[in-house]
Amino acid sequence: MEAALNNTQLEILKLFSTNQSEEDLKEIKSLLVTYLSDKVVREADKAADAKSYTQQTFEKWKMEHFRKSA
């Protein structure tokens, strides 16, 4: 089963079509990780805002027992 590459994957392939130093590769990886983690935080913040969750909500959840009985 073949899957077509999306635009992001194609751009990353273009970037890596030239030789990169090990240091450059580490820096690019770090930039991607930072970008993606920031994106996750923004989405989580949007979801929390949409549900009107407050810091108190999260503090309460930390103290609750969420396991379900078998």
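The values are calculated or read from the model by the stated rules, or taken from the named source; none is laboratory data. The model shown is predicted, which means the values in this text are computed figures rather than measured ones. Every residue, glycine as well, gets a Cβ built from its backbone with ideal geometry; the counts of neighbours run over all protein chains shown. Side chains included, ligands, DNA and RNA excluded: accessible areas come from the protein's heavy atoms. Shrake-Rupley method; radii C 1.70, N 1.55, O 1.52, S 1.80 Å.
Within this structure, Phe16 passes the test of being modelled with pLDDT under 90, open to solvent by less than 90 Å² (accessible area, probe 1.4 Å) and among the hydrophobic types (A, V, I, L, M, F, W, C).
Here Glu43, Glu22, Glu2 are screened, and the one residue that is over 30 Å from Tyr53 (Cβ atoms) and modelled with pLDDT of 90 or more is Glu22.
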